[in-house]
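Comments concern the structure below.
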Amino acid sequence: MIDGGMLRRIESRLPERIGGLDLQDVRVPVGLLLIVLLLRPIVSSSLLAGYEQIASTILIWMLFAASFNLLLGYTGLLSFGHALFLGLGAYVAAAGHTRFGLPWIVVAAIGVLVSTGVAYLIGRLIVQKGAIYFAMLTLGFAQAAQYVANQNPFDLTGGSAGISGATPAWFVLDRGEKFVAVGGLQLDWYWVLGIATVLGMLAIWQVVRSPFGRTLIAIRENDALARSMGVNVDRYKVWSFTFAGLFAGLAGVLLQLNIQGTRLELLSLAVSGDVILMTILGGSVYFFGPPAGAFVWLLAEELLTDFETLHLPLTEFSVVSVDLSGVLTYWQFFLGVLFVVVVLLSPMAGIWGLVRRAGNRIYGVIGGLIYRV
Amino acid sequence: MSDGEARPDHPAESRPEDAALATRGLTRSFGALVAVDAVDMSVPEGELRAIIGPNGAGKTTLFNLIMRTIHPSDGTVWLGGRDITDTSEQRSPHLGLARSFQSNQLFTNLTALENVRIVAQTAQAGPFSLDLLGRGKSVAEAEATRLLERTGLEGNADVEATNLSHGDQRRLGIAMALATDPDVLLLDEPTSGMGPTETRATADLIDAVRSELGLTVLLIEHDMDIVLSIADRISVLNQGTVLKTGTPDEVQADDSVQEAYLGGMKEEL
């Protein structure tokens, strides 16, 4: 088990600065760049998903999970309806583009704004409710939105089918690969998405490390104390909810482009539930926890649903193939087991906590060897 | 019982407007139990007033009422001449009223410095500030560092509150209360759980800080040595009512106090 003191002791073994550079100030930006650079080669390897498309999906979910963690990890608010803001961003952008013919960049901005504004209003209405009522109310709003989208009001949302073909002319599909055409250039969509994701996550990081974000953490730690020390707890919670809505809306807008439309499931309880599970699986106390959770969750889902035959190379010439199709129909069960095991091993700290612990142990061993030499 | 009216040598106290902190008819009942019963109290500016009384006398409830953590069933709370009964709890520190808690109420997984810094930042920037760029950070941090030095915690600035010793946690609570830049400070058993040396040091700290800053202090304290050495006046609370208010000598000499409360502690006094 990991506790705060243990983490601190581990962290105290890492260098804090190199020369005049405070490592804390570059850790997150460097980490985000590494994620974008390494994610696609890693998931494309034949051992894992074996194809590239999932890398874009994972990036978007990383941003979505990080936006959710503003609430759960940094403010201590549990929302069961975060899908609402992902869906709002996606639906507003897609509907604006297909139904009103507005330029995609404009409708994307409107999508993020609507998502932010709705989050602010809902936040104003519900943050002062107790934790359970707050969770149920968020669920209620998301369910209501999904119901409305399903009814296809004014032919805006496409009903159960969602909206398709909501892509601007500069978004090019070529033999299954996605490109963004700028001037005469065709940029790989993954890199464009990567830049957008990194900028979004850096903005979230700036929120959590700012005095505003540190106050959110104080509220998470002890909201009664924060109140008695003069903190307007409810207002901070409203703005935390607003920022979570903003970045979820951004993820929604990007997702809309990635899937060239919307699907009704974007607003579903399953999406709200998945982001909770990913965040807790990854470790809500770390900035990189939820992205790590999104990565593991989506990859595990991909592996468990798509691979029906496991090829075990025993020797150079004989390969034993095991038919797993019967077992893997229970893939959700296996995801559940993964979740339970990680949470039991490392509550709060999640997978990212385990990774950090392992990393620090390796670092400690290497450091010890160097010291001895 | 009104301590103000009973004291002609403090005529100003009869008006709640003239005291640094005052209550009038302050009452709170929980069902059939009246925890605080029509308390009239006037604490003039700069006074260190100890509140003593047996367990269950309503001392902490009185603090909760003054801070408006809980709402009174009846009566009013006055701060610096202003009726603050209906202002919210989170306004208190911004009006100059702060408290430290009986149990260690801290932001447990944050460092000592961050605990104080967040409070200092709130005192400087107001109840809400959307400071996303860290403009106020260095000022608040300087103030927090200064307060940690003042309370003897400078060596533990980077230690998480949960990993501090009990005594250091109590001092951190005081540092946080001071970070609100208060005029009136409520301290709920600041020395509980401390050894004799630590207790003495904490009492000296409170005494020194209050004269430096000209604070009005309300102090709930069980250690009678501390009470008698640093309190200007003492209010004895029993079953939710003020039995007696007076100087340490007056309170010790009072028969009703002897009977109701100090009987068992006579030899200690």
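Read-outs throughout are calculated quantities, based only on the coordinates presented, and are distinct from any laboratory measurement. It should be emphasised that the depicted structure is a prediction, and the values quoted were computed from it without experimental measurement. Please note: Cβ atoms are built from the backbone with ideal geometry, for glycine as well, and neighbour counts cover all protein chains shown.
Laid out as a table, the results:
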read-out: Ranked B:Arg24, B:Arg200, criterion: other C-beta atoms within 10 Å, fewest first; value: B:Arg200, B:Arg24
read-out: Cα-based Rg / Dmax (Å) for chain A; value: 21.8, 74
read-out: Ratio Rg/Rh [Cα only; Rh per Kirkwood] for the range A:105-197; value: 1.10
read-out: Relative contact order (%) - criterion: Cα under 8 Å, at least six apart; region: chain A; value: 26 percent
read-out: Fully extended contour minus Cα-Cα distance, from A:Leu78 to A:Phe333, at 0.36 nm per residue; value: 89.4 nm
read-out: Helical mean residue ellipticity (222 nm; -39500 (n - 2.57) per DSSP H run of 4+; nearest 500) of chain B; value: -10000 deg cm²/dmol
read-out: Cα-centred dipole magnitude for chain A, charges only on beta-carbon of K, R (+1) and D, E (-1), debye, nearest 20; value: 1300 debye
read-out: Amide H contacts of A:Leu187 (H built 1.01 Å from N, under 5 Å, at least 5 apart or other chain); value: A:Val180, A:Ala181, A:Val182
read-out: Burial ranking of peptide ranges A:91-104, B:143-156 (average Cβ count within 10 Å, highest at the top); value: A:91-104, B:143-156
read-out: Sequence of A:Ser240, B:Ser192 once ranked by neighbouring C-beta atoms within 10 Å, starting from the fewest; value: B:Ser192, A:Ser240
read-out: Average other protein chain Cβ within 10 Å of Cβ, residues B:158-165; value: 3
read-out: Cα-derived Rg over Rh, computed across the protein assembly as shown with Rh taken as Kirkwood radius; value: 1.08
read-out: Fraction of beta bridges assigned by DSSP in chain B that are antiparallel (%, nearest 5); value: 55 percent
read-out: In sequence order, calculated HN-Hα J values of the range A:353-369 (Karplus, 6.51, -1.76, 1.60; Hz; x Gly/Pro); value: x, 5, 4, 4, 4, 4, x, 5, 5, 4, 4, x, 5, 4, x, x, 4
read-out: Reachable lysines from A:Lys237, criterion Cα separation under 22 angstrom, eight or more residues apart if same chain; value: A:Lys129, B:Lys137
read-out: B:Thr247-A:Asn150 pseudo-label distance in nm [points 7 Å out on the Cα-to-Cβ vector]; value: 7.9 nm
read-out: Partner chain coverage, peptide B:115-121 - average Cβ within 10 angstrom; value: 5
read-out: Rg/Rh ratio calculated on Cα atoms of chain B (Kirkwood radius); value: 0.97
read-out: Sum of side-chain charges, B:Ser29 neighbourhood, beta-carbon under 12 Å (Lys, Arg +1; Asp, Glu -1); value: -1
read-out: Protection proxy ranking, peptides B:170-182, A:136-148, average beta carbon neighbours within 10 Å, highest first; value: B:170-182, A:136-148
read-out: Residues of the range B:212-254 with amide N under 19 Å of a point placed 7 Å along Cα→Cβ from B:Ser192; value: B:218-228, B:235-241
read-out: Unit charges at the beta carbon, dipole of chain A: most positive-side option, A:Gly194, A:Val107, A:Tyr286; value: A:Tyr286
read-out: Highest to lowest packing among A:107-114, A:31-38, scored as the average C-beta count within 10 Å; value: A:107-114, A:31-38
read-out: Amide H contacts of B:Asp74 (H built 1.01 Å from N, under 5 Å, at least 5 apart or other chain); value: B:Thr27
read-out: Partner lysines for B:Lys59 [C-alpha distance under 19 Å; skip if fewer than 8 residues away on the same chain]; value: B:Lys244
read-out: Nitroxide proxy distance, nm - points 7 Å out along Cα→Cβ at B:Glu17 and B:Asp158; value: 5.4 nm
read-out: Relative contact order %, chain B, counting alpha carbon pairs below 8 Å whose residues are six or more apart; value: 24 percent
read-out: Shielding score for B:34-40, defined as the mean number of other chain Cβ atoms within 10 Å; value: 0
read-out: Likely footprinting exposure, B:Lys137, A:Lys129, B:Lys59, fewest C-beta neighbours within 10 Å first; value: A:Lys129, B:Lys137, B:Lys59
